[in-house]
1. So how much slack lies between Q159 and F288, counting 0.36 nm per residue of separation and subtracting their Cα-Cα distance, in nm?
2. Please give the contour-minus-distance gain from T246 to W258: 0.36 nm per residue of separation, less the Cα-Cα distance, rounded to one decimal in nm.
3. Helix 337-356: angle to the longest alpha-carbon principal axis of the chain, degrees 0 to 90, nearest 10?
4. Mind sorting S211, S367 by how few other Cβ atoms lie within 10 Å of their own Cβ, fewest first?
5. Could you grab the relative contact order for the chain? Cα pairs under 8 Å, six or more apart, rounded to a whole percent.
6. For an R0 of 22 angstrom, estimate the FRET efficiency from the Cβ-Cβ distance between N62 and D232 and round to the nearest 0.05.
7. What residues qualify as long-range amide H neighbours of E139, i.e. H under 5 Å apart, gap of 5 or more or another chain, H built at 1.01 Å from N?
8. What angle, in degrees between 0 and 90 and rounded to the nearest 10, separates the Cα long axis of helix 287-308 from the longest principal axis of the Cα atoms of the chain?
Amino acid sequence: MKKLRYLFSFLLLGALNSQAQQLSKEAQFGLVTISRGSSEDAIYQIWGHTVLHLNDPVNGINECYDYGSFTFDQPGFILKFMRGTLPYKMAVYDFRTFIDHYKYKENRSATEQILNLSPKQKEDLHQFLIKNYLPENREYKYRFFYYNCASRIRDILQQVCGDSLQFSQTLHADSSYRQWIDEYAREKQPWTNFGMMLGLGLQSDELTKESGAMFLPDNLAMGFDSAVIYHDKVKQPFVLTKIQHTSVGAPSISQSFWSPMVVLSLFLVLVAGFTWWQIRSGNKNMLFDKVLFPVLGLSGWFLAFLWFLTDHGVTRQNFNLIWAFPFLFPLFFFIKKNWITGFMKVYGIALAILLIGWKFWPQELPSPLIPLILAIILRVIFVTKIFKFKN
């Protein structure tokens, strides 16, 4: 899913000039799918990319329509990006320049599916794209799962073709949005994936069903492969043929030993050893806890910010706020001893319940959290005993 677009040097002005042109009989529309990339830094490459391609050799049109473009020069870019209000744009590119960019700059493959559209559907689609590219229409409100470069194309084709276009009702219908994100990002960007799993709320655990799964370019391509279209009441394949424009090897994935599970498991071992040493030696120093619990609280405030003060739509109702409880900061510093003992006991019980019901919660929680939560429980037990000893 391309969230960051390099600016191509040859933006087509022909899209506006072609308004008066009627497509020839040779015109073809295709769905171009760009493979996942190999860059370790460009997160947007994880999910691939997709565009619509119009080739009309008679009229000299060879352009692609891209719904995944934005620029850094937006006023308040960082804040808009964090809050989920950054506008995305439709862009039009020279097709050859577009393909060459991915081949030579990003080392990514490009596969095209030629779509089985009637002459009227081609013309309607062309006029829709021309109108959509007008300055007052080209911006749209991006939604990662529901309104992105792939799902926009799905919706446009459904609008143009109406009931004549029918997608499979079973393809990819049994996975959630979270599971798709995890499948694509887990190996290539384990820490980025872990962060996304923490930030995504309950809505991400809804099953995508057949249509929703097409928010990913690869799934959109598979959805088109299995779709049918009716022309004069005759059922036909929606994809006529495929063209392999460029082909590169699968991106290499460098496996790091320091995955979230390894690091947090090591953290649990260190916390367990440190806690055992404090208990055996009678050391009641709480410096470690005065760092740990406020950090957990600050993490909770960030998740609360994603829930209540952003417009992403998929970061709400987040069960991670149970372990990253916002009021750990600043309550751990300031409430009275007898209050904090009761507060921490309730917090510890909530963590225990979270672990016991791990497989039954409606929100799927990342497994590397298990050693982290166990480590927190150990310190909750230690803290509550410390206050009891002090009294």
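1. Working: separation 129, 0.36 × 129 = 46.44 nm, distance 5.84 nm.
Once the chain is fully extended between Q159 and F288, it gains 40.6 nm.
2. Working: separation 12, 0.36 × 12 = 4.32 nm, distance 3.45 nm.
Extra length available between T246 and W258 comes to 0.9 nm.
3. It works out to around 50 degrees.
4. Working: S211 19, S367 13.
Ranking S211, S367 by Cβ neighbours within 10 Å, fewest first, gives S367, S211.
5. Values: 625 pairs, mean separation 67.1, N = 391.
Computed value for the chain: 17 percent relative contact order.
6. On the way: r = 30 Å, r/R0 = 1.34.
Between N62 and D232 the formula returns 0.15.
7. M90
8. Relative to the chain, helix 287-308 is tipped by roughly 30 degrees.
Computed from the coordinates by the stated procedures, all read-outs in this text should not be read as laboratory data. The model shown is predicted, which means the values in this text are computed figures rather than measured ones. Heads up, the Cβs are rebuilt from the backbone with ideal geometry, glycines too, and the neighbour counts pull from every protein chain shown.
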